[in-house]
Structure formats: structure tokens, C-alpha cells
Amino acid sequence: MDDADARGFTEFVRARSEALMRYGYVLTGNPHDAADLTQEALARLGSAWSRVRRRDDPEGYVRTTMARLHVSWWRRRRHERLVGEVPEREHLDPGYARADGDGGLWRALAGLPRRQRTVLVLRYYEHRDDEEIARLLGISRGTVRSQAARGLDKLRAVWLPGADDSGSGSGAEGGSGSGAGAGSAQTTPEMTRRKR
């Protein structure tokens with residue numbers, strides 16, 4: 001990497017690392033894993049900076065790398081069983097506090113199974129379609145839809161405790177959807193209108 005590339009890469013990292021850390025937190029639900037994921041993705045970007053920078057979308061490259069790394073880590077870890085671990089008091093920096101300032105959506109997402117959380121993040125945070133999500137995760141489009149519906153049902157149960165979650169519909173079509181906004185205890189209109 002020449003000096004101009006090194007300066008460009010350093011500027012990119014300074015400008016975008018906080019947002020990428022928040023994205024990693026949304027994917028993983030854990031600030032420590034988010035930091036590892038971001039660091040690994042930025043290291044890979046550093047190796048490919050001169051090629052990626054010419055495409056004018058280094059952030060897209062990093063976010064795609066992060067999603068793929070998360071899936072790889074999830075596949076490796078899904079069979080691990082931890083025992084005898086002492087609970088650790090988490091320390092969240094101000095970036096995470098801002099991401100969690102909406103009344104607990106990120107905490108609710110963190111409570112979902114990894115695959116459901118990953119599908120919802122890729123669909124609603126990254127605005128990826130079902131086909132692309134299926135390709136990234138190595139699953140069928142039907143599995144993407146069912147994981148999204150189950151994840152949304154679980155989020156509704158947390159956010160709208162009195163909501164009917166008896167399975168009427170696919171889960172993504174139902175719900176009130178009448179309000180969206182930070183701190184709202186309602187499903188966003190985008191989540192209720194999403195066509196699969």
C-alpha cells in the first residue's frame with residue numbers, strides 16, 4: 001500500500017469505524033463480538049484497499065464482509081456449549097448507548113436466535129432482499145422468510161405483550177404497523193408491508 005492509499009484507508013477508518021461498530025453490534029448483539037467483527041473486516045479491507053477504493057464503495061465491501069464473517073462465526077459457534085462462565089458486567093461506550101436509546105429494540109434483537117437476528121438485520125437494517133440473504137447465509141429463500149416471520153413474531157411478543165401471536169398469517173403481514181419511530185412500541189410499517 002503506497003502513502004496515498006494508506007492515508008485514504010486511515011481516513012476511511014476514522015470516519016466510518018463507529019458506524020461499522022454499531023452495525024457489528026446489531027449483527028452480533030454483543031459489543032465484544034462487534035469489535036472483533038469490525039476489526040477483522042477492516043483488516044481484510046486494508047489488504048484490498050487499492051482495489052476496493054477504485055470501486056467507490058468501501059463501506060459496502062466492509063458491511064458485506066462483516067455479514068459473511070458473522071455467518072461463518074455463527075456456523076462455527078452454533079455447536080459450542082459454554083459452561084461455568086461467570087457473568088461479565090458489560091461496558092457500553094456512547095456509540096452503543098445511542099444505538100440502544102430506542103427503548104430496547106437492540107436488546108430484543110439480541111435475545112433472538114442468531115439466525116433470526118441475522119435475517120432481520122440483513123433485511124431491515126441492510127435492506128437486502130430475500131434472495132441475497134439466502135445466498136449470504138447459505139439457506140433457501142423459504143428459510144429466510146420463515147426465520148424473518150418467527151423473529152418478527154418474537155419481537156412483537158416483547159414489544160407488544162398483548163398482541164395476538166397465535167400465528168394468524170406469516171408473521172410479517174400482521175401486526176399493527178401504525179407507527180414507526182425511535183422508542184415506538186409498534187412494529188414499523190416497513191416490517192408489516194414487506195412482501196416476500
Inset, instruction - Return the pairs, sorted by first residue and then second, in which the second residue is in a helix (DSSP H, G or I) and not hydrophobic (A, V, I, L, M, F, W, C), the first residue lies in the stretch 120-133 and is touching a residue at least 40 places away in the same chain (Cβ under 8 Å), the beta carbons are less than 7 Å apart, and the residues are 6+ apart or on different chains. - result: Tyr124/Glu190; Glu126/Arg63; Asp130/Arg141; Asp130/Arg145
Inset, instruction - Identify all residues within the stretch 16-68 that are in contact (Cβ under 8 Å) with a residue 60 or more places away in the chain and not in a helix (DSSP H, G or I); write none if there are none. - result: Gly29, Asn30
Inset, instruction - Please determine, by comparing only the residues of the stretch 1-50 that are farther than 30 Å from Gln116 by Cα and among the polar types (S, T, N, Q), which one is surrounded by the most Cβ atoms within 10 Å (Cβ to Cβ). - result: Ser50
Inset, instruction - Kindly indicate which of Arg141, Arg135, Arg150 is among the basic types (Lys, Arg), farther than 19 Å from Tyr25 by Cα, under 17 Å from the mean Cα position of the chain (by Cα) and modelled with pLDDT of 90 or more. - result: Arg150
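Results for (1) in a helix (DSSP H, G or I); (2) modelled with pLDDT under 90, shown as yes or no for each residue.
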{"residue": "His70", "(1), (2)": "yes, yes"}
{"residue": "Glu85", "(1), (2)": "no, yes"}
{"residue": "Leu92", "(1), (2)": "no, yes"}
{"residue": "Gly95", "(1), (2)": "yes, yes"}
{"residue": "Trp106", "(1), (2)": "yes, yes"}
{"residue": "Gln116", "(1), (2)": "yes, no"}
{"residue": "Val119", "(1), (2)": "yes, no"}
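The values are calculated or read from the model by the stated rules, or taken from the named source; none is laboratory data. Keep in mind the model is a prediction, meaning the values are calculated, not measured. So basically every Cβ, Gly included, is an ideal-geometry build from the backbone, and we count neighbours across all protein chains shown.
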